[in-house]
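The next block holds one structure in the form of structure tokens; read it before the comments.
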Amino acid sequence: MIKSALGFDFGMKSIGLAIGQTVSGTANEIKPIKAQNGAPRWDEIERVIDEWQPDILVIGLPLNMDGSESELCRAARRFANRLHGRYGIPIVMADERLTTREAKQEASLRGRKGSYRDNPVDSIAARLILETWLSEQLEND
């Protein structure tokens, strides 16, 4: 039974993170991890996985608005495959269209600038992706 899920908002410079629970259907942001051309700091990801012990990893799939896949989408799939290969934890890809826009709006409502540098927009997006996935699981149970 899935109890906890770790959400990822994949990016080429930063990877947002959130942890969520299936019982409550809620998620919380975790500090994002820096990436270089999509390559994360694997030691930091391992630390997060060791700390939270998730049952499943939910990776945002950045589809185009028409549902087609972009190069970033393919990079997110490669990232998901590497996560599964390294940690053996089940992976699910979740549609993340419009989450970055929503995350920027939420960040500005918090009284912060809507830039990636000034606030954890990527982790807000990861939380939104994960909360959507969690609510879908609750609906299907």
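Rule-based calculations on the coordinates, nothing more; no lab input. Source: prediction; values computed, not measured. For neighbour counting, all protein chains shown are included, and Cβ atoms are generated from backbone atoms with ideal geometry for every residue, glycine included.
For the pair Q53/N28, report the inter-label distance in nm, with labels modelled 7 Å from Cα in the Cβ direction.
Label at Q53, label at N28, 1.7 nm between them.
Out of the stretch 1-73, which trypsin sites (Lys or Arg not before Pro) are coil in DSSP terms and have no more than 16 other C-beta atoms within 10 Å?
Loop-located and lightly packed - K3, K13, R41.
Using alpha carbon centroids, what distance separates the stretch 1-28 and the stretch 59-90, in Å?
15 Å
Report the local net charge at A18: Lys and Arg +1, Asp and Glu -1, summed over other residues whose C-beta lies under 11 Å from its C-beta.
Once positives and negatives cancel, what remains is -2.
For the ranges 73-86, 120-133, 20-33, what's the packing order if you count other beta-carbon atoms within 10 Å of each residue, average per peptide, and put the highest first?
So the peptides 73-86, 120-133, 20-33, ranked by packing, come out 120-133, 20-33, 73-86.
Please list, ordered by chain and number, the residues whose modelled amide H lies under 5 Å from the amide H of G11; skip anything fewer than 5 residues away on the same chain.
Those qualifying (amide H under 5 Å, at least 5 residues apart or on another chain) are G16.
Projecting each Cα onto the charge dipole of the stretch 4-140 (Lys/Arg +1, Asp/Glu -1 at the beta carbon, about the Cα centre), which of I89, G25, N140 comes out farthest on the positive side?
Of the candidates, I89 comes out farthest on the positive side.
Run through the DSSP bridge list for the stretch 7-110 and note the antiparallel percent, rounded to the nearest 5.
Roughly 65 percent of the DSSP beta bridges within the stretch 7-110 come out antiparallel.
If I model a spin label at H84 and M1 as a point 7 Å from the Cα along the Cα→Cβ vector, what separation in nanometres do I get?
2.5 nm
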